[in-house]
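The values are calculated or read from the model by the stated rules, or taken from the named source; none is laboratory data. Note that the structure is predicted; figures quoted are calculated from it, not measured. Neighbour counts are summed over all protein chains in view; Cβ atoms, including those assigned to glycine, are modelled from backbone coordinates with ideal geometry.
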Amino acid sequence: MKAISVLGSTGSIGTQTLQIAEEFPEQFRVVALTAGRNLPLLVEQIQRHEPELVALADDSLLPELRQRLKHLAGDQKPAREPHLVGGAEGLNIAASWDTADLVVTGIVGCAGLLPTLAAIRAGKDLALANKETLIAAGPVVLPELKKSGSRLLPADSEHSAIFQCLQGTPWAENARLSTGVPTPGLRRIQLTASGGAFRDWDATALERATVADATSHPNWSMGRKITVDSATLMNKGLEVIEAHYLFGLDYDHIEIVIHPQSIIHSMIELADSSVLAQLGWPDMKLPILYCLSWPSRLETPWPRLDLTQVGQLTFRSPDTAKYPCMELAYAAGRAGGTMPAVLNAANEEAVAQFLEERIHFLDIPDVIEATCDKHKQELINHPQLDDVLAVDQWARTTVREKVRQGTSRTSALPAMAA
Ligand code: NAD
Ligand code: MG
């Protein structure tokens, strides 16, 4: 039985991981949970999974959590009282919890970086959903992985697809649990993209895009930040950088293809020109399960793919004029060093500002580009952790400053927050 620690247990990735644990009680047990602010759901999770440890990101909420657990009726109380911790140190404790074999990183954003490093330093295997960590800190995370021997299993559906395809190659043995070393014989990666909320919108219609429009995804049900990233296609740009760090391929050999049905989750081309793909319904439970069960596969009762029901699989090139974020991500990836960290932090902050209706959807790429441009002179080629944390903060402040100054579209916003 594998013991798992779930970081970000109340989010989309976290709740799906816990569903899997419930479906396979013989295989997995949950030993640690961390959450942000959703205490009612967290209490329910504690009742169902009886973890040894629970960490709250915001430690000021610990007394309320204690009260909620204390006031559960006798028969509702978990058989074992979890050890409760809080704050940044609490997240690190959950990430390196002694009895855990594998840590699922379902925290959103660069907030996942320090807990992920704590898990690696403790030698835990990782199911990596929190892509922002690797994008911001690839040059810091990869050497740590090498040192500790932790294995980085990709939970992102595209990277899981690539990883699964690599199992069918002569290099399966070292099909690289991700030290950024080029995988021999891997010639090209094609990342598929649904196209996000605006894929059928005219570029000019984006002038009218609202928060409600950008947060409704046609194929996947996910957290708000990644749903907006899908609408700008920044998510795919971030995944290009993620693929670079995971599989060691240079940026000229990582491509994006729009595939509206989200059935092919990505493809690899090998040295002999053969292309391998992984297919399935768009459901994150499958890539998460593969991280948990790897290198085995478990039998599931989940709906089986029926291509006759899908009918058509279609593909097209992405429109770079409509989606400038993709090119920004390629450029940041190619610049390397601290630039992806700046791109990532600027994006996190820009998306947060958009969700609060302080900027327009079309401002998102503009403020990211301006922030990356400003960083060019300051770029650090071989950053340490402190460098990454410093540029992350700098980029957020820079975006906030730009937003305060106002953008050309500010006056067109429906409701300006203070
Ligand atoms: P979400 O918003 O649904 O959940 C985020 C979780 O992190 C919640 O439990 C929240 O409480 C916690 N959290 C938020 N801010 C935090 C902070 N500052 N410190 C500690 N905890 C915090 O997000 P999600 O959609 O589950 O995405 C999680 C990660 O997985 C993201 O990095 C995303 O890119 C990646 N991912 C998600 C999906 C998906 O289908 N949802 C697919 C691929 C990759
Ligand atoms: Mg993905």
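Do we have any residue at all in the range 363-379 that's more than 30 Å from Leu142 (Cα to Cα) and in contact with a Phe, Trp or Tyr (Cβ under 8 Å, 6 or more places away or on another chain)?
So far as the range 363-379 goes, yes, one or more of its residues are more than 30 Å from Leu142 (Cα to Cα) and in contact with a Phe, Trp or Tyr (Cβ under 8 Å, 6 or more places away or on another chain).
From the residues in the range 104-133 that are away from ligand 1 (no atom under 13 Å from the Cβ) and among the charged types (D, E, K, R), which one is farthest from the chain's Cα centre (by Cα)?
Once the filter is applied, the top-ranked residue is Arg121.
Could you tell me whether any residue of the range 167-176 is of a type outside the set (Asp, Glu), within 14 Å of ligand 1 (Cβ to nearest atom), touching a residue at least 40 places away in the same chain (Cβ under 8 Å) and assigned to a loop (DSSP other than H, G, I, E, B)?
No, every residue in the range 167-176 fails to be of a type outside the set (Asp, Glu), within 14 Å of ligand 1 (Cβ to nearest atom), touching a residue at least 40 places away in the same chain (Cβ under 8 Å) and assigned to a loop (DSSP other than H, G, I, E, B).
Just give me the residues in the range 87-106 being touching a strand residue (DSSP E or B) at 6+ places or on another chain (Cβ under 6 Å), within 30 Å of Pro340 (Cβ to Cβ) and either of a type in the set (D, E, K, R) or away from ligand 2 (no atom under 16 Å from the Cβ) (or both), in sequence order.
Within the range 87-106, Gly90, Leu91, Ile93, Ala94, Ala95, Trp97, Ala100, Asp101, Leu102, Val103 qualify.
Report yes if Thr169 is at pLDDT below 95, surrounded by fewer than 24 Cβ atoms within 10 Å (Cβ to Cβ) and of a type in the set (Ser, Thr, Tyr), otherwise no.
Spelling it out, Thr169 is indeed at pLDDT below 95, surrounded by fewer than 24 Cβ atoms within 10 Å (Cβ to Cβ) and of a type in the set (Ser, Thr, Tyr).
Asp229 - would you say it is modelled with pLDDT of 95 or more, surrounded by fewer than 21 Cβ atoms within 10 Å (Cβ to Cβ) and in a helix (DSSP H, G or I)?
Criteria not met by Asp229.
Being surrounded by fewer than 21 Cβ atoms within 10 Å (Cβ to Cβ) and either within 16 Å of ligand 2 (Cβ to nearest atom) or of a type outside the set (S, T, N, Q) (or both) is true for just one of Glu299, Glu239. Which residue is that?
It is Glu299.
Looking only at the range 9-65, how many residues end up being β-branched (Val, Ile, Thr) and either over 23 Å from Cys110 (Cα atoms) or within 16 Å of ligand 2 (Cβ to nearest atom) (or both)?
Summing the residues that are β-branched (Val, Ile, Thr) and either over 23 Å from Cys110 (Cα atoms) or within 16 Å of ligand 2 (Cβ to nearest atom) (or both) in the range 9-65 gives 7.
Just for the range 41-74: of the residues that are more than 24 Å from the chain's Cα centre (by Cα), exposed (fewer than 15 other Cβ atoms within 10 Å of the Cβ) and within 14 Å of ligand 1 (Cβ to nearest atom), which one is nearest to Gly112 (Cα to Cα)?
Selected residue: Ser60.
Quick one: count up the residues across the range 316-336 that are loosely packed, with under 13 Cβ neighbours inside 10 Å and assigned to a loop (DSSP other than H, G, I, E, B).
2
Please give the strands (runs of 3 or more DSSP E) falling wholly within the range 40-125 in which 3 or more residues are within 30 Å of Arg396 (Cα to Cα) and in contact (Cβ under 8 Å) with a residue 40 or more places away in the chain.
Where strands (runs of 3 or more DSSP E) fall fully within the range 40-125 and carry at least 3 residues being within 30 Å of Arg396 (Cα to Cα) and in contact (Cβ under 8 Å) with a residue 40 or more places away in the chain, they are 102-105.
Only one of (1) touching a residue at least 60 places away in the same chain (Cβ under 8 Å); (2) within 12 Å of ligand 1 (Cβ to nearest atom); (3) surrounded by fewer than 17 Cβ atoms within 10 Å (Cβ to Cβ) fails for Thr17. Which number is that?
It is condition (3) that Thr17 fails.
Given Arg224, Arg199, which one is away from ligand 2 (no atom under 12 Å from the Cβ) and surrounded by fewer than 18 Cβ atoms within 10 Å (Cβ to Cβ)?
Of the residues listed, the single one that is away from ligand 2 (no atom under 12 Å from the Cβ) and surrounded by fewer than 18 Cβ atoms within 10 Å (Cβ to Cβ) is Arg224.
Among the candidates Thr215, Thr232, single out the residue that is farther than 14 Å from Thr192 by Cα and within 15 Å of ligand 2 (Cβ to nearest atom).
Going through Thr215, Thr232 in turn, just one is farther than 14 Å from Thr192 by Cα and within 15 Å of ligand 2 (Cβ to nearest atom): Thr232.
Out of the residues in the range 256-276 that are in contact with a strand residue (DSSP E or B) (Cβ under 7 Å, 6 or more places away or on another chain) and away from ligand 2 (no atom under 15 Å from the Cβ), state the one that is farthest from Arg304 (Cα to Cα).
Checking each candidate, the answer is Ala271.
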